[in-house]
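Student: Sending over a structure as structure tokens; questions will come in a sec.
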Amino acid sequence: MSAQEIEFYWRPGCGFCSALRRPLMASGLPVKEINIWEDPDAAARVRAVADGNEVVPTVIIGSTALVNPSFAQIEAAVRAEAPELLKS
């Protein structure tokens, strides 16, 4: 499954989300930001990949889910899962 964008799940007041958002937005990669407090389906998707917890930031790239990842982990997942995103 190829990704067309990086799904970045976050919530207001989350320091880890803010810290990850900076390099993610500066990267030039296509990112869709999803606030789990405003979207119950998004919160359910995060719980599905985070052992039932609403842990943010959670990043989904294609079929790869990363819970509280570093930016380096996101870059590695993009290279493995959706290298076409690096060209955009």
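Taken together, the values in this text are just the output of simple stated rules run on the coordinates, not laboratory data. Small disclaimer: the values here were computed from a predicted structure and weren't measured. Because the Cβ atoms are built from the backbone with ideal geometry, glycine has one as well, and the counts that use them run over all protein chains shown.
Student: So I have (i) 18, 55, 25, 1; (ii) 13, 33, 41, 13; (iii) 17, 47, 26, 8, 1, and one of them is P(r) over Cα pairs in 10 Å bins from 0, in percent calculated from this model. Which one is it?
Tutor: Only one option fits the structure, namely (i).
Student: Report the charge-dipole magnitude of the chain in Debye, nearest 20, computed about the Cα centre from +1 at each Lys and Arg Cβ and -1 at each Asp and Glu Cβ.
Tutor: Numbers: 8 positive and 11 negative charges, 48 e Å.
Its charge dipole is roughly 240 debye.
Student: Using the count of nearby Cβ atoms within 10 Å as a rough guide to exposure, how do Trp10, Trp37 rank from fewest to most? The partial results should precede the final answer.
Tutor: Details: Trp10 22, Trp37 14.
Listing Trp10, Trp37 from fewest to most nearby Cβ atoms yields Trp37, Trp10.
Student: Next up: Taking neighbour Cβ counts within 10 Å as the exposure measure, how do Thr58, Thr64 sort from fewest upward?
Tutor: Working: Thr58 26, Thr64 19.
Ascending Cβ contact count within 10 Å gives the list Thr64, Thr58.
Student: Let me ask something else. Taking the chain as the reference, fit the longest principal axis to its C-alpha atoms, fit the long axis of helix 15-26 to the helix C-alpha atoms, and give the angle between the two in degrees, 0 to 90, nearest 10.
Tutor: 20
Student: Taking other Cβ within 10 Å of each residue's Cβ, how do Leu86, Leu24, Leu66 sort, fewest first?
Tutor: Working: Leu86 12, Leu24 21, Leu66 18.
Final ranking by Cβ density, sparse to dense: Leu86, Leu66, Leu24.
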